[in-house]
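Any read-out appearing in this document is the output of simple, stated calculations on the displayed coordinates, not a laboratory observation. What you are looking at is a predicted structure, and each value in this text was computed from that prediction instead of being measured. Cβ coordinates were reconstructed from backbone atoms using ideal geometry, including for glycine residues, and neighbour counts include every protein chain displayed.
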Amino acid sequence: MSGHSTWPEWVYVGVVIALLCYVGAEAWNIERIIEHVPEDAELIKVTGQQWLWTFEHEDGTKEIGELHLEKGKAYRFEITSKDVIHSFNIHEYTVLLDAVPGKINHVWFSPNVAGEFDIQCREYCGLIHYNMRGTLFVADTGA
Amino acid sequence: MKVIIGLGMVLGLLVILPAVEHAFAAGSEVGEYLDRKVAIWGLFYRLMIIAFTVGTVVSGMIVWLVLRFRESNPKAKPTPYEASGDW
């Protein structure tokens, strides 16, 4: 209509569409990879309640406020809550998932560094939320 | 037509590459597990690069438009519509 060249505009539109497609595809891809749970992952049931975390291993062992894992193994977590919504977070291993009453959420990870790491609640859940903490102990395999 | 072909090639690459990467990733062999920390932060950094690049280009274009097409710019001239004085 105006008679001027429109190719820069088409390049601009194309670049924007391409970048949006890349962002969407890459995020989708990483999410799929992360959600792929290894078949040999050990199950750990995590229960949040005001204001502590309870862990139950596959062999029935229960822990309160502490979680002992072995380096190099894969663990999948079934996370739920007894009262209000909490959020299970192990910052060092980029684990963060809501604990919702009446619902079981799943996440998995494999600790690759031995040591002690913080477990915390990342969803405001009441008066003592700030102190709803635990400790993850990762031991060297065979230790 | 060239633009459409070029755009198609770019989009094709962007769809094919992640699919190929996915096919060779996420090894499920015993003892070989994904490091989710690396995967998640890697994604974050890649998307931040795109976000800041787009932000720079868009804000740069807005600044250029405002400066170039301001009335006081020596190169400014009225559009045919404005020059007719009918509005």
**Request:** Quick one: among A:Ile34, A:Ile90, A:Ile17, which has the greatest mean-square fluctuation in a GNM of chain A with alpha-carbon springs under 10 angstrom?
**Result:** A:Ile17
**Asked** How far is helix A:7-34 tilted, in degrees, relative to the longest principal axis of the Cα atoms in chain A, given as a value from 0 to 90 rounded to the nearest 10?
**Response** 20
**Message:** Please report the net charge: other residues with Cβ closer than 10 Å to the Cβ of A:Tyr93, K and R +1, D and E -1.
**Reply:** 0
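If you take every DSSP beta bridge fully contained in the protein assembly as shown, what fraction is antiparallel? Give it as a percent rounded to 5. Can you show the working numbers first?
Details: 27 of 40 bridges.
Restricted to the protein assembly as shown, the bridges split so that about 70 percent are antiparallel.
Count the lysine pairs in the protein assembly as shown that are 8 or more places apart or on different chains: how many have C-alpha atoms under 13 angstrom apart?
Taking the protein assembly as shown as the scope, the lysine pair count is 4.
Sorting B:Val3, A:Val84 on the 10 Å Cβ count, fewest up front, what's the list? Show your work: numbers first, answer last.
Working: B:Val3 13, A:Val84 16.
Exposure proxy ranking, most exposed first: B:Val3, A:Val84.
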**Prompt:** Near A:Gln49, within a Cβ-to-Cβ distance under 12 Å, what is the net charge of the other residues, with Lys and Arg +1 and Asp and Glu -1?
**Reply:** 0
**Request:** Rank A:Gly126, A:Gly14, A:Gly24 by mean-square fluctuation in a GNM of chain A with C-alpha springs under 10 angstrom and give only the top-ranked residue.
**Result:** A:Gly14
**Message:** Within 12 Å, Cβ to Cβ, of A:Gln120, how many net charges do the neighbouring residues add up to if Lys/Arg are +1 and Asp/Glu are -1?
**Reply:** -1
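Starting with the fewest neighbours, write out A:Leu20, B:Leu43 ranked by other beta-carbon atoms found within 10 Å of each beta-carbon.
Details: A:Leu20 13, B:Leu43 18.
So the ranking, lowest neighbour count to highest, is A:Leu20, B:Leu43.
What does the highest-first list of B:52-58, A:45-51 look like by mean Cβ count within 10 Å? Each step should come with its number before you reach the end.
Values: B:52-58: 11.9, A:45-51: 19.0.
Peptide ranking by packing, descending: A:45-51, B:52-58.
Write out the GluC sites (Glu not before Pro) in the stretch A:74-143 meeting two conditions: DSSP loop, and at most 15 other Cβ atoms within 10 Å of their Cβ. Present the calculation step by step, with values, prior to reporting the outcome.
Details: sites: A:Glu78, A:Glu92, A:Glu116, A:Glu123; in loops: A:Glu123.
Listed in order of number, the matching sites amount to none.
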**Antiparallel DSSP beta bridges within the stretch A:29-143, percent to nearest 5** = 70
